[in-house]
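Take a look at the structure below.
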Amino acid sequence: QAQLVESGGGLVQPGGSLALSCAVSGITSRVFALAWFRQSPGKEREFVAAINWSGRDTDYSDSVKGRFTISRDDTKATMELQMNSLKPEDTAAYYCAGDRGYGGRGTAGYSYWGQGTQVTVYS
């Protein structure tokens, strides 16, 4: 059974940076598509970024493209999300997700989820 554990959330001022990490255990992370989603109170969970099993293909939502970078290190079984130029609207709980299949941008494409880590961007 796969386990995904996020870390790295916190408080940051607008324009600042944070790096989130997702540790994958219980499965061979190399064969998994991995992604980040986020959810604010009262809103649906939304896609942020995804990376395929090889790491060659990445995808970003329009709202974070150019500011966030997703990466993976299968030797360490980790995935990271480097977040730069943060805005108040980036405030949310961030979740990492994984799946043996394609993954994609929908939550239904992922079988495994972490518990989430809070990111708060405040003035």
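The values are calculated or read from the model by the stated rules, or taken from the named source; none is laboratory data. The shown structure was predicted, so the numbers you read here are calculated from the model rather than taken from an experiment. In case anyone asks, the SASA skips ligands and DNA or RNA and just uses the protein heavy atoms, side chains included. Shrake-Rupley method; radii C 1.70, N 1.55, O 1.52, S 1.80 Å.
Quick look at the numbers
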{"quantity": "Solvent-accessible area of residue 6 with every protein chain in place, 1.4 Å probe, in Å² to the nearest 10", "calculated": "20"}
{"quantity": "Residues of type lysines that residue 43 reaches as a straight line, Cα spacing below 29 Å, ignoring anything fewer than 8 places off in the same chain", "calculated": "65, 87"}
{"quantity": "Accessible surface of the chain [probe 1.4 Å, protein heavy atoms]: carbon and sulfur percent", "calculated": "46"}
{"quantity": "Fraction of alpha-carbon pairs over 16 Å apart in the chain - percent", "calculated": "56"}
{"quantity": "Where the chain is the region considered: accessible area per residue in Å², 1.4 Å probe", "calculated": "52"}
{"quantity": "Mean separation of Cα contacts under 8 Å, 6 or more apart, over the residue count of the chain: relative contact order %", "calculated": "36"}
